[in-house]
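Each reported figure results from applying straightforward, stated rules to the coordinates on display, with no laboratory input. Only a predicted model underlies this, so the values are computations on that prediction, with no experimental measurement involved. All Cβ positions, even for glycine, are placed from backbone atoms using ideal geometry, and neighbour counts span all protein chains on display.
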């Protein structure tokens, strides 16, 4: 899609809608004359192009997105912040909530000036990655029925409104098995499966495509990102009453040398307790994808929170913890639904802590908390968890407190104890210090 702003059709304003576009970009990179680039659109294609420009070709890249987060149709805000920080960590200049107003070309040098709602800057090329539309012109001219989105309408055998014509891939609408809505789902994995179903049916067989939960994964520099089902916003827009939990936990046994932190967001419907979606990020891509795939295969069957809590997974220290991160995500969500865990996202905590005179109750050990006490002074109260009972008189009863531990479970236990003592004005920071570190490292430096 070429957005309707002046300069969108200039020679060095490129799209990535097909192989030819990709070859054009590759040839430009090979000249060694491209030092700066702008990518418009922070969806999956935009992020992959940004990584290639930055990591493969060493191009200084600015990524521009109209929404207030990256991957706005694929991730909720918590895991999207992890992705955004990974981009910035690798030198990408990220402009969120920013519109491109125009692109101008210098007739002598060929360089481009990008005018946005926030700033103006010069680049050598611009890549448009703001989205694609299903190419259904041929289908429309043939009189085939199109869905509400403009994509081709098909049945479960992937037949169009003409029973002798089949369609699959990015140009069709498919049923979302979580929301029940029909929508395009531009995923190569689905297109491959649909191709086999079409071939089976054309050759006289009986094969059906029942729908999808939109399972997706992406490599982003040193991180892997994956998702299945609905985000919190999508769930709310569909008519659910969503609630979510965010957990941080190592993907292997904590004492195993290659363990890395995993960040998971789990979304459910408040009334039915039905799981609606899962998102994950971490450095071990196989571990990230495995957790999302585990939940994805069960989403179509109406998986609920209790089933996630007791979900059986294999255990050996090189591969997982005895209580897997998936189980703990379910446990955290169960506690939130029960009202015993009153959470706050790490980013929301950081916003409030920076703008209000609020305090943290850090229940980690004294040695761990010391740097934060030095940095934040009286706003950082440290009472180790094993001392809470005898030092409860030191905890102010008349002011709100943010509860903090390394990853969240111990601060939740502290919240339960404080509530039993009548101290209810507390919020448990979801994902603990690990989530704060991955979204705003400056807070702890």
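Let me know the shape class of the chain, please: from the alpha-carbon gyration tensor, a ≥ b ≥ c as square roots of the eigenvalues, rounded when a/c is under 1.5, otherwise prolate if a/b is greater than b/c, or oblate. Working shown, then result.
Values: a/c = 2.25, a/b = 1.39, b/c = 1.62.
Oblate, since a/c reaches 1.5 and b/c is not below a/b.
Looking at the square roots a ≥ b ≥ c of the eigenvalues of the Cα gyration tensor of the range 343-443, which shape do they give, rounded for a/c under 1.5, prolate if a/b is larger than b/c, or oblate? Numbers along the way, then the final one.
Numbers: a/c = 1.43, a/b = 1.35, b/c = 1.05.
Verdict is rounded for the range 343-443.
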**Study point:** Residues 252, 301, sorted so that the one with the fewest Cβ neighbours within 10 Å comes first
**Key:** 301, 252
Point to revise | Hypothetical label at residue 20: residues of the range 28-50 whose amide nitrogen lies under 14 Å (7 Å Cα-Cβ projection) | key: none
Point to revise | DSSP-defined beta bridges in the range 13-128 - what % are antiparallel, rounded to 5 | key: 40
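For the range 321-445, what does the relative contact order come out to in percent, with C-alpha contacts under 8 Å and a separation of six or more? Intermediate results must be reported in sequence, preceding the final value.
Values: 166 pairs, mean separation 35.3, N = 125.
Relative contact order comes out at 28 percent.
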Review point. By how many nm would the segment from residue 378 to residue 399 grow when fully extended, if each residue of separation counts as 0.36 nm and the alpha-carbon distance is taken off?
Key: 6.2 nm
Revision key, fill the gap. Here, residue 120 and residue 210, labelled 7 Å along Cα→Cβ, have an inter-label distance in nm of 5.7
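Over the range 265-396, what is the relative contact order in whole percent, taking alpha-carbon pairs under 8 Å and six or more residues apart? Working shown, then result.
Numbers: 122 pairs, mean separation 19.2, N = 132.
Once divided by the residue count of the range 265-396, the mean separation gives 15 percent.
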Exercise for review: Decide, for the range 216-338, between rounded, prolate and oblate: order the square roots of the alpha carbon gyration tensor eigenvalues as a ≥ b ≥ c, take rounded if a/c falls under 1.5, and otherwise choose prolate if a/b is larger than b/c, else oblate.
Suggested key: prolate
Revision key, fill the gap. Here the percent of antiparallel bridges among DSSP beta bridges lying wholly in the chain, to the nearest 5, is 60
Study note, to complete from the structure: Out of 389, 291, 81, a Gaussian network model of the chain with alpha-carbon springs under 10 Å gives the largest mean-square fluctuation to 389
**Study point:** Burial ordering of 342, 390, fewest other beta-carbon atoms within 10 Å first
**Key:** 390, 342
Study note, to complete from the structure: Between residue 202 and residue 425, Cβ-based FRET efficiency (R0 45 Å, step 0.05) works out to 0.10
Check your understanding: Once every DSSP H run of n ≥ 4 in the chain is given -39500 (n - 2.57) and the sum is divided by its residues, what mean residue ellipticity at 222 nm do you get, rounded to the nearest 500 deg cm²/dmol?
Key -> -9000 deg cm²/dmol
Check your understanding: PRE reach from residue 370 (point 7 Å along Cα→Cβ): which of the range 379-401 fall under 18 Å by backbone N?
Key -> 380-385
**Study point:** Gaussian network model of the chain, Cα within-10 Å springs - most flexible of 77, 367, 99
**Key:** 367
Study note, to complete from the structure: If one compares the long axis through the Cα atoms of helix 188-202 with the longest principal axis of the Cα atoms of the chain, the angle in degrees, nearest 10, works out at 50
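How high is the relative contact order of the chain? Use alpha-carbon pairs under 8 Å, at least six apart in sequence, and give a whole percent. Could the numbers behind the result be given before it?
Numbers: 892 pairs, mean separation 47.7, N = 445.
Computed over the chain, the figure is 11 percent.
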Check your understanding: Stretched out fully, how many nm does the piece from residue 33 to residue 270 gain, at 0.36 nm a residue minus the Cα gap?
Key -> 79.9 nm
Study note, to complete from the structure: Comparing 32, 46, 168 in a Gaussian network model of the chain (Cα, 10 Å), the one with the largest mean-square fluctuation is 32
